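Values quoted throughout were computed directly from the atomic coordinates according to the rules given, and no laboratory measurement underlies them. In this text, all values refer to a predicted model and were calculated from it rather than measured experimentally. As a convention, Cβ positions derive from the backbone with ideal geometry for all residues, glycine included, and neighbour counts pool all protein chains shown.
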Amino acid sequence: MTKRPRSPRTVRTARAVLAAFLTAAAMAGAAPAPAPAGAAVHVRPAARGGGHERTQAALDAAVKAGVPGALARVRDAHGTWNGAAGVADLHAKRPRRAVDRFRAGSIGKPFTATVLLQLEAEHRLTLDDTVEKWLPGMVRGHGNDGRRITLRHLLQQTSGLFDYTRDPEVLRNLTTTAFLKHRYDRWTPRRIVRTATAHAPDFAPGTRYAYTPTGYVLAALVVEKATGRSYEEEVERRIIAPLGLRSTRLPRHERTVPAPAGRSYSWFTDDPDRRMHDVTDFDPSLIWATGDLISTGADLDRFLTALLQGRLLPPAQQRELRTTVPTGDGSGASYGLGLFRYTLCGTEVWGHTGLFVGTQSIAFVSADTRHSLVLNFNTDTLSDTDAAGDVFQAEFCPASR
């Protein structure tokens, strides 16, 4: 454990980080108007040479702000660029490497959505099927009703289901030192669903957008019911193997990140010393099918590029994938089936963010698939500066590069 050298800061929830990231990106896209006082985006001077100097500078700034190590992979018309700053391991002091695996968090959601869309293309289900049809009786009680929730609602974050990570017990185990005691607890998907449905839904299905990983746990259970095989098997045979994603895996109960990999760090709200704890190893079943993906920058780029190029889905399902609803957070972002879409500095980008204890990632590809960015920080606890948004802006805003 390493004592955090900077002043205490509030741990931000996944929802808060996501909103801050999208808002910062939207504000960056509004340039050249000056940012309002107190805005999270900090525009840096344009770098000479027109390369990735500003992106590297943003990585360096993230480390200066408290990130142990930052890793980025960029692909554009000039080829592939890998940038890094800080260390992969605070004790060994090893630098981060482009081949390092990391926990990608919710970037796994597009994988889940893709499998469900493939099953629709095979006429094994439709997205207008209800949850009740496939998982009878599972979503009931406290105002929850699986007869009113469709598979499309699950994938498009319009189900209204309570986000189980907001359950007081779960939240305490993720944001306080209770994590260190409960990090190896085993969860089942049904226990996750029971935790969510013990709370009233946030709104009626289909009436608005609200990000909730609960829907993706249910979606993966539908995959298993429709195929008779495990969720992991289906993702492996439908996506990972065909695309040759050799560094990507779904760990189920595996506690460690396979080498090559660094370590991940976090601090907790009830630790008065604000020490940085190594939180790399834990049982990922709490985030099954919604945030447990392990991958690399190269593999995530390859997957998102193939998905957006239509190589994984027929045209009808590709149109469904890209049919979005507004997030309503003021950023101008919208959400399709497992993908965020928004415009940054005139460039339309698609992808996802990922956040869990010890890790924060983003992976986005331009609509024409010619420009991509995958980013990972090996911590989830950052300063008030939106470091991920700064890196994103530095890479996708050519006027400021």
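Placing one equal scatterer on every Cα of the stretch 312-401 and applying the Debye formula, the log10 ratio I(q)/I(0) at q = 0.18, 0.24 Å⁻¹ is -0.90, -1.34. Against the longest alpha carbon principal axis of the chain, how many degrees, from 0 to 90 and to the nearest 10, is the axis of helix 14-29 turned? With both axes taken from Cα atoms, the answer is about 60 degrees. Taking amide H positions as modeled 1.01 Å from N, with prolines and chain starts lacking one, the residues under 5 Å from Tyr265 and 5 or more places away or on another chain are Val279, Thr379, Asp380.
Put in line by how crowded their Cβ is, counting other Cβ atoms within 10 Å and starting with the fewest, His153, His253 read His253, His153. Annotation: the residues Arg208, Arg341, Arg96, Arg54, sorted from fewest to most other C-beta atoms within 10 Å of their own C-beta, follow the order Arg208, Arg341, Arg54, Arg96.
Seen against the Cα atoms of the chain and their longest principal axis, helix 109-121 is set at about 40 degrees. Loop-located GluC sites (Glu not before Pro) in the stretch 50-144 (DSSP state other than H, G, I, E, B) with a sparse environment of at most 12 neighbouring Cβ atoms within 10 Å: Glu122. Partners of Lys93 within straight-line reach, counting lysines whose Cα lies under 22 Å from its Cα and excluding those fewer than 8 residues away in the same chain: Lys3, Lys64. The protection proxy used here, the mean number of other Cβ atoms lying within 10 Å of each residue, ranks peptides 293-299, 102-108 as follows, highest first: 102-108, 293-299.
Near Ile240, within a Cβ-to-Cβ distance under 9 Å, what is the net charge of the other residues, with Lys and Arg +1 and Asp and Glu -1? With Lys, Arg at +1 and Asp, Glu at -1, the neighbours total +2. Each 10 Å bin from zero holds the following percent of Cα-Cα pairs in the chain: 5, 24, 34, 26, 9, 1, 0. From helices alone, the chain scores -8500 deg cm²/dmol at 222 nm; the rule is -39500 (n - 2.57) for each run of n ≥ 4 DSSP H residues, then divide by the residue total.
Could you state the angle between the C-alpha long axis of helix 297-308 and the longest principal axis of the C-alpha atoms of the chain, as a value from 0 to 90 degrees rounded to the nearest 10? Orientation of helix 297-308: about 50 degrees from the principal axis. Once the other residues with Cβ under 14 Å from the Cβ of Thr80 are scored (Lys, Arg +1; Asp, Glu -1), what is the net sum? Value of the local net charge: 0. Among the lysines, which fall within straight-line cross-link reach of Lys133, defined as a Cα-Cα distance under 29 Å, with same-chain neighbours fewer than 8 residues apart omitted? Reachable lysines: Lys109, Lys225. Summing charges over all other residues whose Cβ lies under 10 Å from the Cβ of Ala259, with Lys and Arg as +1 and Asp and Glu as -1, gives 0.
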